[in-house]
Every structure is written in structure tokens, then in C-alpha cells.
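> One structure follows; several queries about it will come next.
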Amino acid sequence: MRILFAGDMAFKYFDEFPGKEKACETFSETARVFSEYDFSVLNLENVLGNTDDYEPIIKSGPNLISEDDYIE
């Protein structure tokens, strides 16, 4: 059994969601690597939601949010 542990991945590569085709193209190599393992554990470092309604919290690091279109 092979398990991949990865950390701190965020979908903050675009100012706005580029569309499913471009997002899949951008992350295709990442998806290929993940598919080589039986299980993958990943720390998603950002919130997925509506960026128009987002109010950042006070904290020491950056507030990361990406459009909820990335959920698909």
C-alpha cells in the first residue's frame, strides 16, 4: 500500500476561477502524481467559497480563499 502525504496546497493561482478546462490543465500533473498512490492525504490551505462575501479574520498569516467553483 502506498500513501502520499502533501501539505499546504491552495487554489490561489488565479485571480478568479479560470474555468474547469484551464483548472484541470493547470493541476493535471498534480492529479497524475496523486493517482499513483492508493491513498492521498492533503492539507487544503485555503477556504473555498464566495470571494465577494468573504470577510477575512484577524490572524498572523494570510487569509486565503478561492472561488467555490474549484470544489468540482
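> Only one of these is at pLDDT 85 or above and within 15 Å of the chain's Cα centre (by Cα): Asn46, Asn63, Asn50. Name it. Before you say what the answer is, go through the steps one by one.
Details: Asn63 fails: at pLDDT 85 or above; Asn50 fails: at pLDDT 85 or above.
After ruling out the rest, the residue left standing is Asn46.
> Within segment 1-17, which residues are modelled with pLDDT under 85 and in a loop (DSSP other than H, G, I, E, B)?
Step one: of segment 1-17, the residues modelled with pLDDT under 85 are 9-17.
Residues satisfying the conditions are Ala10, Phe11, Lys12, Tyr13, Phe14, Asp15, Glu16, Phe17.
> I've got another one for you. I'm trying to understand the selection: among the residues of segment 18-43, which are within 13 Å of the chain's Cα centre (by Cα) and in a loop (DSSP other than H, G, I, E, B)?
Selection gives Phe27 alone.
> Right, next: Just checking, does segment 25-42 include any residue being in contact (Cβ under 8 Å) with a residue 12 or more places away in the chain, open to solvent by 70 Å² or more (accessible area, probe 1.4 Å) and hydroxyl-bearing (Ser, Thr, Tyr)?
No; the residues of segment 25-42 include none that is in contact (Cβ under 8 Å) with a residue 12 or more places away in the chain, open to solvent by 70 Å² or more (accessible area, probe 1.4 Å) and hydroxyl-bearing (Ser, Thr, Tyr).
> Taking segment 44-72 as the search range and keeping residues that are among the acidic types (Asp, Glu) and without any contact (Cβ under 8 Å) to a residue 40 or more places away in the chain, which one is surrounded by the most Cβ atoms within 10 Å (Cβ to Cβ)? Can you show your working first?
Initial filter on segment 44-72 (among the acidic types (Asp, Glu)): 45, 52-53, 55, 67-69, 72.
Going one step further and asking which of them are without any contact (Cβ under 8 Å) to a residue 40 or more places away in the chain, we end up with 45, 52-53, 55, 68.
Working: Glu45: 15, Asp52: 6, Asp53: 7, Glu55: 5, Asp68: 13.
Per the stated criteria, the residue is Glu45.
The values are calculated or read from the model by the stated rules, or taken from the named source; none is laboratory data. Since the structure is predicted, the reported quantities are computational estimates derived from the model, not experimental observations. As a convention, Cβ positions derive from the backbone with ideal geometry for all residues, glycine included, and neighbour counts pool all protein chains shown. Calculation scope for accessible area: heavy atoms of the full protein, side chains included, ligands and nucleic acids excluded. Shrake-Rupley method; radii C 1.70, N 1.55, O 1.52, S 1.80 Å.
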